[in-house]
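Below is one structure, written out as structure tokens; the observations come after it.
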Amino acid sequence: MTTEPLVVNLSLTLEQAALIVRMPSGVHYTNQTGGTSCHHPEAEGVLVPLEDENSWFQKQLEAIFEPAGATVGRSGLTTATADALDELLRGQQEISIRVDRARLLESEEAWVYVHVHPRESELPIMQGFGVREAVLTWLNSD
């Protein structure tokens, strides 16, 4: 007997940026992405919210994508947008997050494929994951 996976629509509940750490979990997450393109990609994994005091991180993500009309959407992310994201992500203390350069064409606003490398002072919630593929997602600007 095959059961359908549980699909959680993050556009209804997400209040801060989060990582979908990709791994078998039986839970699939989707979010409205791509600005006004309103895409709905889906990934299976475990959701790890990123601490975002006073929505600072969310505002920085919006600042990267707001003027980037030609850098996001169906054509994916540009190298310049990925560089700006990597620079912002360097501020994460507990884990190292880097944009997956091999998946720039699949990434877009509110859905960016990344690699997660826990650091020595890793978040307790990330212990045991090791290096993983993940999706960085947040509230879409639309």
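The values are calculated or read from the model by the stated rules, or taken from the named source; none is laboratory data. Computed from a predicted structure; not experimentally measured. Here Cβ is always computed from backbone atoms with ideal geometry, including for glycine, and neighbour counts include all displayed protein chains.
Okay, here's what the table says:
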item: Leading residue by the ranking (nearest to ALA80 (Cα to Cα)) among those in segment 119-135 that are modelled with pLDDT of 70 or more and not charged (D, E, K, R); result: VAL135
item: Exclusive hit being at pLDDT below 90 and surrounded by 14 or more Cβ atoms within 10 Å (Cβ to Cβ), set GLU4, GLU62, GLU44; result: GLU62
item: Residues satisfying the stated conditions in segment 25-57, i.e. part of a strand (DSSP E or B), of a type in the set (A, V, I, L, M, F, W, C) and farther than 10 Å from TRP111 by Cβ; result: VAL27, VAL46, LEU47, VAL48
item: Among (1) surrounded by 15 or more Cβ atoms within 10 Å (Cβ to Cβ); (2) modelled with pLDDT under 95; (3) under 15 Å from the mean Cα position of the chain (by Cα); (4) closer than 15 Å to PHE57 by Cα - the single one VAL116 does not satisfy; result: (4)
item: Among the residues listed as TRP138, TRP111, the single one being modelled with pLDDT of 75 or more, out of contact with any helix residue (DSSP H, G or I) (no Cβ under 6 Å at 6 or more places or on another chain), among the aromatic types (Phe, Trp, Tyr) and under 21 Å from SER37 (Cβ atoms); result: TRP111
item: Segment 5-34 residues that are at positive phi, paired with ones that are of a type in the set (D, E, K, R) and exposed (fewer than 12 other Cβ atoms within 10 Å of the Cβ) (beta carbon under 9 Å, 6 or more apart); result: GLY34/ARG74
